[in-house]
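The values are calculated or read from the model by the stated rules, or taken from the named source; none is laboratory data. Remember, it's a predicted structure, so these values are computed and weren't measured experimentally. Cβ placement follows ideal geometry from the backbone for every residue including glycine, while neighbour counts extend to all protein chains displayed.
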Amino acid sequence: MRFLVDLHTHTIASDHAYSTIGEYINYASETGIQMFAITDHGPAVPDAPHKWHFNNLRVVPRIVDDVAILRGVEANITATGGLDLEEATLKRLDIVLAGFHPSLTPSDKVTHTELALSVIKSGLVDVFAHPGWQMYPIDMEAVLECAKENNVAIEINSSSSVNTRLGSHENCVQIAKLAKKIGNTIALGSDAHICYFMGNFDESVTVIEEAGLGYSKVLNTSPVKVLEFLESRGHERIQELHELFVPISY
Ligand SMILES: [Zn+2]
Ligand SMILES: [Zn+2]
């Protein structure tokens, strides 16, 4: 299976990541990634960029060297079931990932599930990031059913149990099995913190294969599939990206 899109990357705007946007673009160009989303951490984690970073992402060109760039965020779920950026900022972005991060003190499964359902229902989140993290256990079935109902994609994160969130592999397989049963839309993210990991979906593929999930619901096989999914979520059509990916007819 060939993946042309990476929906989860971090640049040096997050202090614990090590590549610039330019380095990601070059690496995408070299390796055949046609589209990637910049999703730096929302401001609630200590080494994240200031909220102005997200308001100003509009200065980032949508296309460089034939590589498409989506302006995004990996927002943090707050203790009140909200997100750590204002609604107006989130709505200006092309893609919003949200997940649990250490900015939220872990509590119990019931609480985490309530918070997850709250952000999924908010209409502001396109992708629920790394739902398999065992530090924040959730009622997987309830969360995936809610995501399906609200047209929110479930991420199968390729850094989980490899670079971070060690020990979450079994949870991720369980989630992938449930996603198969429920019919969730799936977003793959390398969660790269350095450009050389972008497009590395080895762990995601292992999880998908173990769960027998298949690839028909995976967005990353086609940039157009990603654009259409985002439009189905209420994002504005990005005409220049559609034009970039128009199939050539002779
Ligand atoms: Zn994360
Ligand atoms: Zn991340």
Residue count for segment 78-117, restricted to those that are small (Gly, Ala, Ser), in contact with a Leu (Cβ under 8 Å, 6 or more places away or on another chain) and part of a loop (DSSP other than H, G, I, E, B): 2
Does at least one position in segment 199-211 carry a residue that is farther than 17 Å from Pro131 by Cα and crowded, with 17+ Cβ neighbours inside 10 Å? yes
If you take the residues of segment 90-107 that are of a type in the set (A, V, I, L, M, F, W, C) and either more than 16 Å from Ile38 (Cβ to Cβ) or at pLDDT below 95 (or both), which of them is nearest to ligand 2 (Cβ to nearest atom)? Phe100
Yes or no: segment 59-67 includes at least one residue that is more than 14 Å from ligand 2 (Cβ to nearest atom) and in a helix (DSSP H, G or I). yes
So Pro46 passes all but one of these: (1) closer than 21 Å to Glu155 by Cβ; (2) in a loop (DSSP other than H, G, I, E, B); (3) not aromatic (Phe, Trp, Tyr). Which condition number does it fail? (1)
Quick one: would you say Asp191 is touching a His at 6+ places or on another chain (Cβ under 8 Å), of a type in the set (D, E, K, R) and surrounded by 16 or more Cβ atoms within 10 Å (Cβ to Cβ)? yes
Candidates Glu155, Glu149, Glu145, filtered to the one that is surrounded by fewer than 20 Cβ atoms within 10 Å (Cβ to Cβ) and touching a residue at least 24 places away in the same chain (Cβ under 8 Å): Glu145
Given (1) of a type in the set (Phe, Trp, Tyr); (2) touching a Gly at 6+ places or on another chain (Cβ under 9 Å); (3) within 16 Å of ligand 1 (Cβ to nearest atom), index of the condition Phe100 fails: (2)
Count of residues meeting criterion [under 16 Å from Ala98 (Cβ atoms) and assigned to a helix (DSSP H, G or I)] in segment 141-174: 4
Matching entry among Ile120, Ile38 (being in a strand (DSSP E or B), modelled with pLDDT of 95 or more and either more than 16 Å from ligand 1 (Cβ to nearest atom) or β-branched (Val, Ile, Thr) (or both)): Ile38
Any chance segment 133-152 includes a residue that's within 22 Å of Val226 (Cβ to Cβ) and within 16 Å of ligand 2 (Cβ to nearest atom)? no
Here are some residues: His50, His10, His16. Which one is within 16 Å of ligand 1 (Cβ to nearest atom) and surrounded by fewer than 16 Cβ atoms within 10 Å (Cβ to Cβ)? His16
In this structure, does Ala75 turn out to be touching a Gly at 6+ places or on another chain (Cβ under 6 Å), at pLDDT 95 or above and closer than 30 Å to Leu117 by Cβ? yes
